[in-house]
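A short write-up of the structure that comes next.
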Amino acid sequence: MKSTLQSLFSSMDILLLERIAEGRFRVLAPPPTWTGKLTQTGFKVGSEVSLSEDFFVLDTFFPDAEDLWNSSKEGTINCDPWIQCDEEGQEWPLAARAIHSNGKPLLLLEHLGESYTRQQQMHQLARESMLSKDELELEVHRRTALIRKGEEELAHRLLDVSNWRDEETGAHIRRIGLYSELMAKALGWSLQDVDNIRLAAPMHDIGKVGIPDYVLLKPGRLDAEERRIMERHAYIGGEMLKGSEIPMIEMAHQIAIGHHEKWNGKGYPNQLSGSDIPIAARIVAIVDVYDALSSERVYKPAWPEDEVLAYLRKERGSHFDPELIDLFFELLPEMRNIRLLLPDKKG
Amino acid sequence: MISKKVCMLGSFAVGKTSLIRRFIVSIFEEKYQTSVGVKVDKKQITIDDKQLNMMLWDLAGEDAFNTLQQNFLRGSSGFILVADGTRQSSLEKSLELYQRIRPDYPEAAFVLVLNKVDLQESWQVSDEQLRALRADGWQIFLTSAKTGEQVELLFEQLGRLMLHQEIAT
């Protein structure tokens, strides 16, 4: 029986050893031929050997194996495959298994041969498939970025058109986008929506392209009829941007038509109130008034900051969404930074 | 001669084996060949007049099919965490491995490698991320196993770090 087992191990390309002391083993079965390639002394049945020199990878496995061999429990633990090279540079995939059976501490060293190649091929296929998936995701990401770039260019060109005749500065337009972005971030919006409002908010006054010069460019106060004409810019902007399937343009539509609505329903053009006014428009309503009052215009000097803030507070809950006004005041230091970083150009 | 064990760790297909091949035999193969288990190579280098025998343990990348065998790390003096600069997820994997391993090897030297720097058009790791990692104390090498960029430097610097650690301890 014993010799049958020994021949079996030998035919399976397995070196069977018994642990006799820490770091010392006895060869129990005729060693497979590969041991001659990988050991300096060669192994014989019954000889005592140390494996550390020839199979140094096993030194990382022995602490765990010793725990098993010295314990009272029976069982098996495996060491993952490793590649060992012989003197001619040929690679030998090996694996080890520590066994504690019937009180006997055993060690099997196995040449994996074809089974290693099969395992490698399986991993190769799986990993190549994962890499293809990664590459596909990257491609989707690249293309989305390209579409996004197109949307941004479209937004900038629309803004160029609206600024053509208007007195408002490019810096004001950019600040409106950045203030709105700041508020959206603080509200915990998704990155996509934060990005959308940064691009869409500057388009709030795009409808002014439809306002005649004698009203739009008038340096003094507007009379009642002129004010009625001017107020049409919200409706015109809304019409210009409505019906888009691009989320950023749809948001720009909501902002253009809704940024002069008031929380109390006394705004224009649709006298919406409270949360019926889209939140993006409620945000822009606040930051537009803050920036416009803080800036100099041909028809008015810049207001001192304390007066601007007092006005915003006074309009909390009437003109402006009260919760958003509170958030605005929490973010005031950062709002001031935006003004400092992007000042209006003089002259 | 001083001998030091170095483990190459990281996600799959980041170029661990290719970096070792470039360092040892100055060869690069374009075709990806996955590793299973571990393979050990040796190279002697001279650092500041000291001979250092580097035992380079190339461990299979970790993924859904393969978990890092912690026993292979025993006795390591240095770790090279390799990520592929064109795959953000591989950088996250390297940093995750670092969190897992560091407590067991407090004295070891760690360096971070962003490989495939030759593929600039697909590069995903931002300068901002690199600045933040460097501010965290990481020594980072932007390597290319294909062109050899920074490969020698990487192993030399790690060797120097390990020798300094030895003097300090």
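The values are calculated or read from the model by the stated rules, or taken from the named source; none is laboratory data. Note that the structure is predicted; figures quoted are calculated from it, not measured. Here the Cβ positions follow ideal geometry from the backbone for every residue, glycine too, while neighbour counts run over all protein chains shown.
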Inset, instruction - Within region A:8-40, track down each residue that is surrounded by 12 or more Cβ atoms within 10 Å (Cβ to Cβ) and modelled with pLDDT under 80. - result: A:LEU8, A:PHE9, A:SER10, A:MET12
Inset, instruction - With respect to B:GLY15, determine if the residue is closer than 25 Å to A:GLU114 by Cβ and either crowded, with 19+ Cβ neighbours inside 10 Å or more than 10 Å from chain A (Cβ to nearest Cβ) (or both). - result: no
Inset, instruction - Kindly indicate whether A:PRO269 is within 22 Å of A:GLY177 (Cβ to Cβ) and either modelled with pLDDT of 95 or more or assigned by TED's automatic domain parsing to the domain that holds A:PRO202 (or both). - result: no
Legend entry - Hits in region A:65-83 - residues which are part of a helix (DSSP H, G or I) and surrounded by fewer than 16 Cβ atoms within 10 Å (Cβ to Cβ): A:GLU66, A:ASP67
Inset, instruction - Mind counting the residues in region B:114-145 that are in contact with a strand residue (DSSP E or B) (Cβ under 9 Å, 6 or more places away or on another chain), of a type in the set (D, E, K, R) and in a loop (DSSP other than H, G, I, E, B)? - result: 1
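Table: residues versus (1) touching a residue at least 24 places away in the same chain (Cβ under 8 Å); (2) of a type outside the set (A, V, I, L, M, F, W, C); (3) farther than 19 Å from A:ALA21 by Cβ.
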residue: A:ASP64; (1), (2), (3): yes, yes, no
residue: A:SER72; (1), (2), (3): no, yes, no
residue: A:ASN78; (1), (2), (3): no, yes, yes
residue: A:LEU94; (1), (2), (3): yes, no, yes
residue: A:SER101; (1), (2), (3): yes, yes, no
Inset, instruction - Report whether or not A:MET230 is modelled with pLDDT under 95, assigned by TED's automatic domain parsing to the domain that holds A:LEU182, part of a helix (DSSP H, G or I) and over 34 Å from the mean Cα position of the chain (by Cα). - result: yes
Legend entry - Residues of region A:168-195 classified as at pLDDT 95 or above and farther than 21 Å from A:LEU332 by Cα, total: 0
Legend entry - Residues being at pLDDT below 95 and of a type in the set (Gly, Ala, Ser) - total across region B:130-147: 3
Inset, instruction - Mind telling me which of the residues A:ASP160, A:ASP86 ends up being within 24 Å of B:LEU56 (Cβ to Cβ) and surrounded by fewer than 17 Cβ atoms within 10 Å (Cβ to Cβ)? - result: A:ASP86
Legend entry - Selection within region A:126-138 - of a type in the set (A, V, I, L, M, F, W, C) and either at the interface with chain B (Cβ under 9 Å from one of its Cβ atoms) or touching a residue at least 40 places away in the same chain (Cβ under 8 Å) (or both): A:ALA126, A:MET130, A:LEU131, A:LEU138
Legend entry - Unmet requirement for A:ARG336, which otherwise passes all of (1) surrounded by 14 or more Cβ atoms within 10 Å (Cβ to Cβ); (2) free of Cβ contacts under 8 Å to residues at least 60 places away in the same chain: (1)
Inset, instruction - Answer yes or no: is there a residue in region A:95-107 that is surrounded by 12 or more Cβ atoms within 10 Å (Cβ to Cβ), within 43 Å of the chain's Cα centre (by Cα) and either outside the structural domain of A:LEU16 (by TED's automatic domain parsing) or outside any strand (DSSP E or B) (or both). - result: no
Legend entry - Residue ID - nearest to A:ARG24 (Cα to Cα), chosen from residues in region A:91-106 that are more than 13 Å from chain B (Cβ to nearest Cβ) and touching a helix residue (DSSP H, G or I) at 6+ places or on another chain (Cβ under 7 Å): A:PRO105
Inset, instruction - Would you mention how many residues in region B:18-45 are in contact with a Gly (Cβ under 9 Å, 6 or more places away or on another chain), more than 12 Å from chain A (Cβ to nearest Cβ) and either aliphatic (A, V, I, L, M) or free of Cβ contacts under 8 Å to residues at least 60 places away in the same chain (or both)? - result: 1
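Listed here are the residues, each with its yes/no results for (1) modelled with pLDDT of 80 or more; (2) touching a Phe, Trp or Tyr at 6+ places or on another chain (Cβ under 8 Å).
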{"residue": "A:GLN90", "(1), (2)": "yes, no"}
{"residue": "A:ARG97", "(1), (2)": "yes, no"}
{"residue": "A:HIS100", "(1), (2)": "yes, yes"}
{"residue": "A:LYS104", "(1), (2)": "yes, no"}
{"residue": "A:LEU108", "(1), (2)": "yes, yes"}
{"residue": "A:SER129", "(1), (2)": "yes, no"}
{"residue": "A:ARG142", "(1), (2)": "no, no"}
{"residue": "A:ASP166", "(1), (2)": "no, no"}
Legend entry - Condition met for B:GLU121 (charged (D, E, K, R), within 14 Å of another protein chain (Cβ to nearest Cβ), surrounded by fewer than 17 Cβ atoms within 10 Å (Cβ to Cβ) and farther than 20 Å from B:GLN157 by Cβ): yes
Legend entry - Filter result (of a type in the set (Gly, Ala, Ser) and either within 9 Å of another protein chain (Cβ to nearest Cβ) or surrounded by fewer than 21 Cβ atoms within 10 Å (Cβ to Cβ) (or both)) within region B:57-89: B:ALA60, B:GLY61, B:ALA64, B:GLY75, B:SER89
Legend entry - Which listed residue is in a helix (DSSP H, G or I), free of Cβ contacts under 8 Å to residues at least 24 places away in the same chain and of a type in the set (Val, Ile, Thr), from A:VAL284, A:VAL308, A:VAL289: A:VAL308
Inset, instruction - Would you be able to say whether some residue in region A:62-77 is more than 11 Å from chain B (Cβ to nearest Cβ), under 20 Å from B:TRP57 (Cβ atoms) and touching a Ser or Thr at 6+ places or on another chain (Cβ under 8 Å)? - result: no
Legend entry - region B:124-142, residues that are buried (at least 16 other Cβ atoms within 10 Å of the Cβ) and closer than 12 Å to B:THR86 by Cα: B:GLN124, B:VAL125, B:LEU142
